[in-house]
Structure formats: C-alpha cells, structure tokens
Amino acid sequence: MLSSPPIQAKADTARNAATDEAALDPDAMRQPLPDAFYCVGRSDTLKAGSLRAVELNGEQIVLGRDKAGTLFAMRDRCPHRGMALSKGRFDGEAVTCPFHGWRFGTDGRCRDVPTLSSADAADFSRIVVQRFPIRESAGFVWVNPYLGGASGDVPVLPALGFEAAGSLVVELVVEASFDLTTLSLVDPGHVAFVHDSWWFRPSKELREKVKTFTPTPHGFTMSSHSTTTSSPVYKLLGGVPEVEIEFRLPGVRLERIEAGAKRVANYTFATPLTHNRTMLTNALYWNMPVLNLLKPLARPLMRQFLTQDQQVLQHAQAGLDRKPTMVLFGQSDLPSQWYFRLKREALQAAREARTFRNPLVQQELRWRS
Ligand code: FES
Ligand SMILES: [Fe+2]
C-alpha cells in the first residue's frame, strides 16, 4: 500500500500546482521526504558502548555510541552473509559480527577478518558498511536515511530553547503511512472530535478560531491572536500564555508555551518506519522543577492523547487502502495542503540542486474547532 496522493482542493492558492505536479514523479510525493533527519529515539537511552537496532524508512539501521560518546549509524547488515550487526558485540570501538567474527569500526570499515590465515593476502580494508548521518538535538537522536548525493539543504533539527527541569516522552507506533500521520500534526479539524478528553477539552462546543500562519524555513508557524484556550494544561501555567506552534518538514510539530519566565514545550515527531508504519514521538519539556511532581499523572494522559490519534489514523488508513484519495476542503484543511506543497518544493529543490524556497505566504485562517 502506498500513502495517499494529495488532492489539490480548489481553495488552495497554489499558483504553480499544475506545473509542479507534472515536474515530479508522483511516487516521490507519496514517500516521506528522503533527505531529512528523522527522530530515532531518546539520546539518554543510547549509552556509551551500546548498540541499538532501528527501522527507518524501510532501512534496518544499527545505532551506537562509542567510548568517547560519539554517535554512529550504519546499515544493520554484515556485508559477509547479511547478519544483523546489532546482534553483535560492541566494545566501544568496533562491532564484532556474531556469525564469523568480522570486525567493523564505527566508520563502517572492516578492521579484521579473524578467519583469514597469514597465507591469505586478502585486503579486507575495502569492505565497508554503509553509514548514515546522525545527530543529537532536543534530547533525541536523529538519522538521515538518504543514500543519494548530498543536497545540503535539509530542514534544521528541532532544538529546545531553554534549560529543561524535566521532560516526559511517549512513543507510539501507528499502522498508517507517514503522510497520513504527519497530516494529523497540522490538522486543526480533528482536535474537537478525536481529542475530546475532559482534561484537554472541557467544553464540547465548536468555536470560531482565527490564526495567523507565517512561513518559516521549511515550514510555517501558527500564532493565536489571543489565547482563548480553555485547556487546563495551559491554565497550569497561570496568566495568559503565549503559544506558538511551528510545523517543519519532514514531520515535526513544535508547540512552545511561554508565560513570564515559565516555559513548556510540546514537541511531536513523526518517523517513517516502513511504508505503512509510522512512529509518533511526543516530548513534553518544562523549566519549572515543581512540574516534575506531576510526571506520573501526565504520562497516562499523554499516552491517551496519542492513542486517540493512533486509533483514528489506523481506521482512516484502512479506508485509504481501499481508495487512496482525500478531499482537502475548507480553511482547516489548508495547512494539510501546505504540507504537500512544502514537500513538493523540497523534492524539487533537491532535484534542481538549489536551496529550498518556501512557497507559502503569510495568511490568516478561520475555522471552527
Ligand atoms: S555474516 Fe558477518 S561475519 Fe559472516
Ligand atoms: Fe491529534
């Protein structure tokens, strides 16, 4: 099953949509953005000298952290007979394949083939395991699974703009495509219907919302005119908080809440595991130590919130599997259309080896939620 292709609804102000569509391979539009960093798990769970197998965009990858604390990511496949290197031993410098003992440095180069006799003059240094770019940011590890040539202009990794006193992370696998899952990060229309828990939305009424959307590098931000939210989560901060929500390619939603010196950030990352499985990672960070006390209470609530998305996305995916089209309609679906326009521009920029030019313009949107 492939993720559903976008439908350009009439409301979209895309000027060049028709030409853009023609220029791009439609298959590429159905895939996650190839040349981008995706979240592959928490930094603190990858200790020095440890290995971890992850799946990313259909690729099996082994991550590790060497003795000096430097991360590496390489294909989880021994070139000899295909054995998973993640099943091997790592001494903090080299990985030993458990099948015949070949050793690989963290640079991917073969260091030793222990079964060679001294009479065997074979040069094993040319045997290499494919490596992937790997980074750390906002308490997470990020890997770019792209194997093509460097295009250079990849979206900047999310960073946390303050010193966190604590954080809470929940990860959930969704049996749905990357696009469908990522659309839920920019879809204000589902919130009232899907996230209707008393603690998140005490009122069941739909109210008119007006938000300003501003283009940012590789995405857009949404800011409220005044925070009219009745969410008890915001009320915890006291006063009227400033809320800014940013969406950024490839599938990153960053919600930043400020009230005086108090900071809370709620970050959500979508990671393509396979073509029909996507990991949702939600990280809540705060700078008030007193909130650490609420962690045991907040964890099940966050899990409930993510499970609500998971359930609808899986049912929607089943519908899209039967007929892979969507009708994107009305202003509350414009951010979803923008997602496809941003992705299309990123693909086109990479193809033409030029920098990304954000096709969006500042705009005010109205909807009821
Ligand atoms: S499969 Fe890895 S050493 Fe043989
Ligand atoms: Fe949601």
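Brief remarks follow.
- GNM remark for the chain: springs join alpha carbons under 10 Å apart, and the peak mean-square fluctuation among Val156, Val264, Val290 falls on Val290.
- Amide H contacts under 5 Å for Gly166, placed H, 5+ residues apart: Trp286
- Farthest toward the positive end of the dipole of the stretch 46-143, out of Ile61, Ala121, Trp102, is the Cα of Ile61, where the dipole comes from beta carbon charges about the Cα centre.
- C-alpha long axis of helix 295-322 to longest principal axis of the chain, angle in °: 90
- Under-5 Å amide H pairs with Phe140, H placed in peptide plane, nonlocal only: Ser43
- Shown in residue order for the stretch 203-220 are the 3J(HN,Hα) couplings computed by the Karplus curve 6.51 cos²θ - 1.76 cosθ + 1.60 at θ = phi - 60°: 9, 8, 6, 8, 10, 5, 10, 10, 10, 9, 10, 10, x, 10, x, 6, x, 7 Hz (x for Gly and Pro).
- For the listed residue pairs Lys47/Lys67; Lys209/Lys343; Lys209/Lys323, the alpha carbons are over 21 angstrom apart in Lys209/Lys343; Lys209/Lys323.
- Working from Cα pairs under 8 Å separated by at least six residues, relative contact order for the stretch 46-143 is 21 percent.
- Charge dipole of the stretch 254-343 (Cα centre as origin; +1 on each Lys and Arg Cβ, -1 on each Asp and Glu Cβ, all else neutral): 160 debye, rounded to the nearest 20.
- Candidates Ser125, Ser336, Ser86: whichever shows maximal mean-square fluctuation once the chain is modelled as a Gaussian network with Cα springs under 10 Å: Ser125
- Mean Cβ neighbour count within 10 Å, used as a protection proxy, ranking 50-57, 67-74, 196-203 highest first: 50-57, 67-74, 196-203
- Dipole axis of the chain (+1 Lys, Arg; -1 Asp, Glu on Cβ), positive-most option in Trp142, Leu342, Leu293: Leu293
- Rounded to the nearest 20 debye, the dipole magnitude of the chain is 460 debye, with +1 charges on Lys and Arg beta carbons, -1 on Asp and Glu beta carbons, and the Cα centre as origin.
- Among Leu328, Cys39, His195 the positive-end extreme of the charge dipole of the chain (Cβ point charges): His195
- For the chain, cysteines whose Cβ has no other cysteine Cβ within reach (under 4.7 Å): Cys39, Cys110
- Dmax and Rg, reported as Rg then Dmax, of the stretch 46-143 (C-alpha, Å): 13.6, 51
- Full-stretch length increase - Leu206, Ala192 - with 0.36 nm per residue and alpha-carbon distance subtracted: 4.3 nm
- For the stretch 249-365, the gyration tensor built on C-alpha atoms gives an oblate shape. Its axis ratio a/c (a ≥ b ≥ c) is at least 1.5, and a/b is not larger than b/c.
- Across the chain, the mean sequence separation of Cα contacts (distance under 8 Å, 6 or more residues apart), normalised by length, yields a relative contact order of 22 percent.
- Taking the Cα centre of the stretch 72-175 as origin and assigning +1 to Lys and Arg Cβ atoms and -1 to Asp and Glu Cβ atoms, the resulting dipole is close to 400 debye.
- Positive minus negative residues near Asn144 (Lys, Arg vs Asp, Glu; Cβ under 14 Å): -1
- Between 0 and 90°, nearest 10: helix 334-351 axis offset from the chain longest Cα axis: 30
Read-outs throughout are calculated quantities, based only on the coordinates presented, and are distinct from any laboratory measurement. Because the structure is a prediction, the values reported are computed rather than measured. We place every Cβ from the backbone using ideal geometry, glycine too, and count neighbours over all the protein chains shown.
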